[in-house]
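These notes are about the structure you will find just below.
The values are calculated or read from the model by the stated rules, or taken from the named source; none is laboratory data. These figures come from a predicted structure and were not determined experimentally. Cβ placement follows ideal geometry from the backbone for every residue including glycine, while neighbour counts extend to all protein chains displayed. Just so you know, the surface numbers come from the protein's heavy atoms only, side chains and all, with ligands and any DNA or RNA stripped out. Shrake-Rupley method; radii C 1.70, N 1.55, O 1.52, S 1.80 Å.
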Amino acid sequence: MVSQGAYYTPRDPGDYYDLSQVPHQEKTRKQKLMWRLIAGGLALVIVIVVVVVAVVVTRKHKTNDTPSSQYAVSPYANLIRLGPEAGTQSLESKTGRILVVGDVHGCVNEFNKLVDKLELTSQDQLILAGDITSKGPDSIGVLRKAKEIGALCVRGNHDDKVVRLKTFELQKGAGAMSPSKAVMPEGNVGDPLKFSNYHSVLAKNMTMDEYNYLSSCPMILSFPSLNNSVVVHAGLDPTIPDLNNQVPYLVMNMRDIDHGLPTPDNKIGTPWATLWNAAQQNQSQPTRVFYGHASSRGLQIDKYTFGVDTGCVDGGHLTAIDMKTLQLTSVSCLKYDNDDD
Ligand SMILES: [Mn+2]
């Protein structure tokens, strides 16, 4: 390609280029330069506008993104959202205590000790606040005992992993759980699981009876006639009034609420219970929430929220609270936790 300079170089004398046109050509060059600068400037402005619009739209999209679309429910979760299911013996027929127990995490000796200390009668009802399994020495033993005494339960984040792995195994076969480093195909779940995850050992060791019991623990147990009380594992989003619309992953995992969105993280926002209590002040029928999951915060008794995970598996205590009288009963625990997630 001939450079533009070639038009005016003295090495081209006498050819058909008219030298009288040179000033005109010079003017054209300046104009071309000017137009290029204008075009370049316009292009730059367009790029900036496009980038700004893209950022704004993305942010708006993020704000509008509901937590439920961020935290899909696994096709293997086999999850009941709200209980007790029809057919479960009504709590109203129980004249004794309704007791909520914090995270047992496989600590079967301590669970037995607590059950003995409570001296349960047929008029009492025990409710496990989730994370019955995992971390501790004998999750299967706890499941058997819980079933034996007719304990109701809600699903914890660890129980959920065990159930999902077991459902996958039941549907696809143990041979399909490979390669071990592969992530179980569950879609956009909040806590993807590798087949090698330690919960799969527990899943494989469960009988159908134990699986059926664990998977029957709903996300939320609701007792409107009992001071409008509910039991969940981790917490509830105070901005979602319909319990059916609460996001399962968050109900099983939340700790803080940060800029209006629940998160499993600690210390990045406000504890969900603080906001829940504040929100109940304006309600004609406040909802009381009994929960576990928050051993790092210890016993958390507030006006409308009652956190009873007192860190048994970490060598703390296993605690039961009477939903009617709020009386506490606890036993001390050995330290078992191996710091697995
Ligand atoms: Mn938990």
Counted residues in region 171-215 being among the polar types (S, T, N, Q) and farther than 18 Å from residue 79 by Cβ come to 7
Single match in 256, 314, 265 (criterion: of a type in the set (D, E, K, R), within 16 Å of the ligand (Cβ to nearest atom), open to solvent by 70 Å² or more (accessible area, probe 1.4 Å) and under 27 Å from residue 133 (Cβ atoms)): 265
Go over the candidates 186, 210 one by one and state the one that is touching a Phe, Trp or Tyr at 6+ places or on another chain (Cβ under 8 Å) and touching a residue at least 12 places away in the same chain (Cβ under 8 Å). 186
Restricting to region 100-117, and then to whatever is within 23 Å of residue 84 (Cα to Cα) and more than 26 Å from the chain's Cα centre (by Cα), can you tell me which residue is nearest to the ligand (Cβ to nearest atom)? 111
On the given criteria, is residue 131 away from the ligand (no atom under 16 Å from the Cβ) and either within 27 Å of the chain's Cα centre (by Cα) or at pLDDT 95 or above (or both)? no
Quick check on region 219-250: of everything there that is away from the ligand (no atom under 16 Å from the Cβ) and assigned to a helix (DSSP H, G or I), which residue is surrounded by the most Cβ atoms within 10 Å (Cβ to Cβ)? 243
In region 168-184, is there at least one residue being touching a helix residue (DSSP H, G or I) at 6+ places or on another chain (Cβ under 6 Å), crowded, with 21+ Cβ neighbours inside 10 Å and not in a loop (DSSP other than H, G, I, E, B)? no
Please go through region 317-341 and give me each residue that is closer than 21 Å to residue 125 by Cβ and open to solvent by less than 50 Å² (accessible area, probe 1.4 Å), ordered by number. 318, 319, 320, 321, 322, 323, 329, 330, 331
Pick from region 134-156 the residues that are among the β-branched types (Val, Ile, Thr) and more than 14 Å from the ligand (Cβ to nearest atom): which of them is most open to solvent (accessible area, probe 1.4 Å)? 149
Can you tell me how many residues within region 279-311 are open to solvent by less than 60 Å² (accessible area, probe 1.4 Å), of a type in the set (Gly, Ala, Ser) and more than 16 Å from the ligand (Cβ to nearest atom)? 1
